[in-house]
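Below: one structure, written as structure tokens.
The values are calculated or read from the model by the stated rules, or taken from the named source; none is laboratory data. Keep in mind that what you see is a predicted model, and the values were worked out from it rather than measured. As a convention, Cβ positions derive from the backbone with ideal geometry for all residues, glycine included, and neighbour counts pool all protein chains shown. When the accessible area is computed, the model is the full protein with side chains, heavy atoms only, and any ligands, DNA or RNA have been set aside. Shrake-Rupley method; radii C 1.70, N 1.55, O 1.52, S 1.80 Å.
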Protein chains: 2
Amino acid sequence: MSQNKQYKVAVVGATGAVGQKIIQYLEEEPFQIETIKPLSSKRSAGKTMKFKGEEVTIEEATPDSFNDIDIAFFSAGGSISERLAQEAVKSGAIVVDNTSAFRMDENVPLVVPEVNEADVKKHQGIIANPNCSTIQMVVALKPIQEAFGLKRVIVSTYQAVSGAGLSAQDELTEQTKQYLNGEEMVANILPAGSDKKHYPIAFNALPQIDVFDDNGYTKEELKMINETKKIMHEPDLHVAATCVRLPVFTSHSESVYIETDKTDVTVNDIKEVLKSGEGLILEDDPSTQSYPTPLSAADKKEVFVGRVRQDLDTTNGFHLWVVSDNLVKGAAWNTVQIAQSLVKNGLV
Amino acid sequence: MSQNKQYKVAVVGATGAVGQKIIQYLEEEPFQIETIKPLSSKRSAGKTMKFKGEEVTIEEATPDSFNDIDIAFFSAGGSISERLAQEAVKSGAIVVDNTSAFRMDENVPLVVPEVNEADVKKHQGIIANPNCSTIQMVVALKPIQEAFGLKRVIVSTYQAVSGAGLSAQDELTEQTKQYLNGEEMVANILPAGSDKKHYPIAFNALPQIDVFDDNGYTKEELKMINETKKIMHEPDLHVAATCVRLPVFTSHSESVYIETDKTDVTVNDIKEVLKSGEGLILEDDPSTQSYPTPLSAADKKEVFVGRVRQDLDTTNGFHLWVVSDNLVKGAAWNTVQIAQSLVKNGLV
């Protein structure tokens, strides 16, 4: 309970792209850590890794892995979370889950600390980390919602391959080499590992992320739509999304159109609230060609916003360009921030 | 005047990416060609090229180049068109101009044959070919406008580097190699050759195409907005655009949100009219992961549409994914089609 308490943490999926980043941020001591327990599939168990200079052995994640653990981070895919998260809770841990397994469960808070930190207090053992593309958008929307109200959001995304894991990053590298060598590109993973067909991503753009739902939307698009409403506590907010994968290694970008409730808002009003928004950096000056890009946002914890413009026809309509590292704020950093919120609120 | 007339044509900018494609399509005999005169800057003058197997010498484009020419295609940048297009008209040629020099001139028709072919009849010597990103969008919107009326359009683009010329394509290749070799990427051209700062495009996305206007929009965005209204004869149509450059060699993609005038339209109604739309191919089946991509649309003359969905909140709102080769339908092929329309209508 006290701020000086030392915590025992476990990281399920410790060898994955996000798991590695979680461990990196835990090394920076967002709260005091007594022990860390990296967990993985059987395949990686027995390997060692460094944590603050000391060697730690990776163990296989099993139902018995969580005895004596205070906080368990899960980032090993939805099926692992479904199988082990409740076991961790039974053992007394609080689970911060980075998969989609529990996000829309009404008993599970879905938290972006800059937006709805107080929701951590409602937890019943599990707190969910939202989808990467949702997180960066709601961080940008929050100060606008607070100051002017939000009526609708229409987003088109420009998403990096790292959201599909380390193997998708390797696939982009290999296909790029194949293309430059005049060879045929081999596609095995994207757009969705579990789907039937695969298409090259190198020098291409794929309008499919995750599999399709019956209504013609992809699951990624429905995540953005439904999670945004839940996090922002606005079940009636109109949200539309088109999600597209790009040949970019890391950082998602989003072209976001919004309409505010208030009708007398100027573009400078929007910029002012973005400037003071938590976790946000306004990078917007056409005269110096200043705007965020995936490369400029990589490895940074903030959400960057640029290209803020008023719509030319709709006075309460505004356009934003929102960029953030999908593995950092979109995954690992937000997950660690949720744990920080638990500590800060004396909930663990 | 007759369909059997043989035409003398000139191509200004014959060595450029679009000029080369125009000559390629003229070789396919969209109408009968008696002679072809490739024109370029002084630098390339004297070189030879093949046209239907025969060697032709490239000449320097000067005010005297257009004597005896019936149709002059211009694709060598706005300043060349401003300097020479009226000279060509004075010599008796009809100019089909692929630059932005005259597009918004009220005495110059701006034509996409599938959309407003009859406008060629109003020409006073010059007909303008619209911007690449505009052309593919209006081809997709036309059958929807005709059947159901259009209220508003909000587009976010995913544009290929070939729109910025052959040197931008080389820049993407070089930067890609530099990145894979762990070297620093050198940027000299993109986002806009004439602008002050340049950023790497490889494994990145740049929310700037062309230079910025005073209102915070880029010229590319304003082209899409203004040209769409002119071509569709709807000065009051609400159009918004965010234009983004991608590490894709060719074919632009567009995430387009529209609202129809009619409020009882179903997604199947939209698909039906797209299916029979001129110059359009509907490629849309989530069950087989069928949708167009930049790679699948490359080198094709049609505009491809997929991911057609009804908005989940707005019954007259629909989302489309529109892809076409920006050098083909977006430039060279549409330019040749305009000349075809002139021939067909006995205007040349």
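Only one of these is modelled with pLDDT of 95 or more, under 17 Å from the mean Cα position of the chain (by Cα), more than 9 Å from every other protein chain (Cβ to nearest Cβ) and surrounded by fewer than 23 Cβ atoms within 10 Å (Cβ to Cβ): B:Lys223, B:Lys219. Name it.
On the way: B:Lys223 fails: surrounded by fewer than 23 Cβ atoms within 10 Å (Cβ to Cβ).
Result: B:Lys219 is the single residue among B:Lys223, B:Lys219 that is modelled with pLDDT of 95 or more, under 17 Å from the mean Cα position of the chain (by Cα), more than 9 Å from every other protein chain (Cβ to nearest Cβ) and surrounded by fewer than 23 Cβ atoms within 10 Å (Cβ to Cβ).
The residues listed here are B:Ala240, B:Ala202; of these, the one that is part of a loop (DSSP other than H, G, I, E, B) and in contact with a Ser or Thr (Cβ under 9 Å, 6 or more places away or on another chain) is B:Ala202.
Scanning region B:85-118 for residues that are open to solvent by 10 Å² or more (accessible area, probe 1.4 Å) and more than 19 Å from B:Ala332 (Cα to Cα) turns up B:Gln86, B:Glu87, B:Val89, B:Lys90, B:Ser91, B:Gly92, B:Met104, B:Asp105, B:Glu106, B:Asn107, B:Ala118. The sole residue among A:Ser255, A:Ser276, A:Ser251, A:Ser287 that is free of Cβ contacts under 8 Å to residues at least 12 places away in the same chain and within 30 Å of B:Asp214 (Cα to Cα) is A:Ser287.
Checking each residue in region B:226-248 for being open to solvent by 10 Å² or more (accessible area, probe 1.4 Å), farther than 28 Å from A:Gln159 by Cα, within 11 Å of chain A (Cβ to nearest Cβ) and touching a residue at least 40 places away in the same chain (Cβ under 8 Å) picks out only B:Asn226. Among the residues making up region A:196-216, a single one is facing chain B (nearest Cβ under 9 Å), at positive phi and touching a residue at least 12 places away in the same chain (Cβ under 8 Å): A:Phe203. Listed here are the strands (runs of 3 or more DSSP E) enclosed by region A:14-103 that have at least 2 residues being in contact with a helix residue (DSSP H, G or I) (Cβ under 8 Å, 6 or more places away or on another chain): A:33-40, A:48-51, A:71-74, A:94-97.
The set of residues from region B:122-150 being more than 17 Å from the chain's Cα centre (by Cα) and among the charged types (D, E, K, R) comprises B:Lys122, B:Glu146.
Here's the yes/no breakdown for (1) under 21 Å from the mean Cα position of the chain (by Cα); (2) on the phi > 0 side of the Ramachandran plot; (3) in the same structural domain as B:Leu84 (by TED's automatic domain parsing):
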residue: B:Val120; (1), (2), (3): yes, no, yes
residue: B:Arg152; (1), (2), (3): no, no, no
residue: B:Val161; (1), (2), (3): yes, no, no
residue: B:Gln175; (1), (2), (3): no, no, no
residue: B:Leu180; (1), (2), (3): no, no, no
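List the pairs whose first member sits in region A:35-48 and is farther than 18 Å from A:Ala72 by Cα and open to solvent by 50 Å² or more (accessible area, probe 1.4 Å), whose second member is part of a strand (DSSP E or B) and of a type in the set (A, V, I, L, M, F, W, C), and whose Cβ atoms are under 9 Å apart, counting only residues at least 6 apart or on separate chains? From residues that are farther than 18 Å from A:Ala72 by Cα and open to solvent by 50 Å² or more (accessible area, probe 1.4 Å), the pairs are A:Thr48/A:Val56. The set of residues in region B:281-304 that are surrounded by 22 or more Cβ atoms within 10 Å (Cβ to Cβ), out of contact with any Gly (no Cβ under 8 Å at 6 or more places or on another chain) and part of a strand (DSSP E or B) contains only B:Phe304. Checking each residue of region B:181-189 against the condition of being within 10 Å of chain A (Cβ to nearest Cβ) and over 17 Å from B:Ser324 (Cα atoms) gives at least one match.
Summed over region B:305-342, the residues that are assigned to a helix (DSSP H, G or I) and open to solvent by less than 10 Å² (accessible area, probe 1.4 Å) give a count of 12.
If you go through region B:170-193 and keep only what is buried (at least 18 other Cβ atoms within 10 Å of the Cβ) and part of a helix (DSSP H, G or I), you end up with B:Glu171, B:Leu172, B:Gln175, B:Thr176, B:Tyr179.
Residues in region B:112-157 that are closer than 30 Å to A:Val153 by Cα and small (Gly, Ala, Ser): B:Ser133, B:Ala140, B:Ala147, B:Gly149, B:Ser156.
Within region A:158-169, restricting attention to residues that are under 27 Å from B:Ser156 (Cβ atoms) and either open to solvent by 10 Å² or more (accessible area, probe 1.4 Å) or in a helix (DSSP H, G or I) (or both), the residue that is farthest from the other protein chains (Cβ to nearest Cβ) is A:Gly165. Residues in region B:61-78 that are without any contact (Cβ under 8 Å) to a residue 24 or more places away in the chain and touching a strand residue (DSSP E or B) at 6+ places or on another chain (Cβ under 7 Å): 0 in all. Of the residues A:Asn326, A:Asn268, the single one that is touching a residue at least 40 places away in the same chain (Cβ under 8 Å) and not hydrophobic (A, V, I, L, M, F, W, C) is A:Asn326. When restricted to residues that are over 22 Å from A:Asp299 (Cβ atoms) and open to solvent by 30 Å² or more (accessible area, probe 1.4 Å), region A:7-34 contains 3.
Here is a check on your reading of the model: is A:Asp70 modelled with pLDDT of 95 or more, closer than 20 Å to A:Ala128 by Cα and among the charged types (D, E, K, R)? When the stated conditions are applied, A:Asp70 passes them. Going through (1) of a type outside the set (S, T, N, Q); (2) touching a strand residue (DSSP E or B) at 6+ places or on another chain (Cβ under 8 Å); (3) farther than 26 Å from A:Val211 by Cα one by one, A:Ala14 falls short only on (3).
Before we move on, is A:Ser75 out of contact with any Ser or Thr (no Cβ under 6 Å at 6 or more places or on another chain), among the polar types (S, T, N, Q) and closer than 22 Å to A:Gln32 by Cβ? Before you say what the answer is, go through the steps one by one.
Numbers: out of contact with any Ser or Thr (no Cβ under 6 Å at 6 or more places or on another chain): yes; among the polar types (S, T, N, Q): yes; closer than 22 Å to A:Gln32 by Cβ: yes.
When the stated conditions are applied, A:Ser75 passes them.
The listed residues are A:Lys142, A:Lys151, and the only one of them that is under 29 Å from A:Asn107 (Cβ atoms) and open to solvent by 20 Å² or more (accessible area, probe 1.4 Å) turns out to be A:Lys142. Being open to solvent by 20 Å² or more (accessible area, probe 1.4 Å), touching an Asp or Glu at 6+ places or on another chain (Cβ under 6 Å), among the hydroxyl-bearing types (Ser, Thr, Tyr) and within 12 Å of another protein chain (Cβ to nearest Cβ), is that true of even one residue in region B:251-272? No: region B:251-272 contains no residue that is open to solvent by 20 Å² or more (accessible area, probe 1.4 Å), touching an Asp or Glu at 6+ places or on another chain (Cβ under 6 Å), among the hydroxyl-bearing types (Ser, Thr, Tyr) and within 12 Å of another protein chain (Cβ to nearest Cβ).
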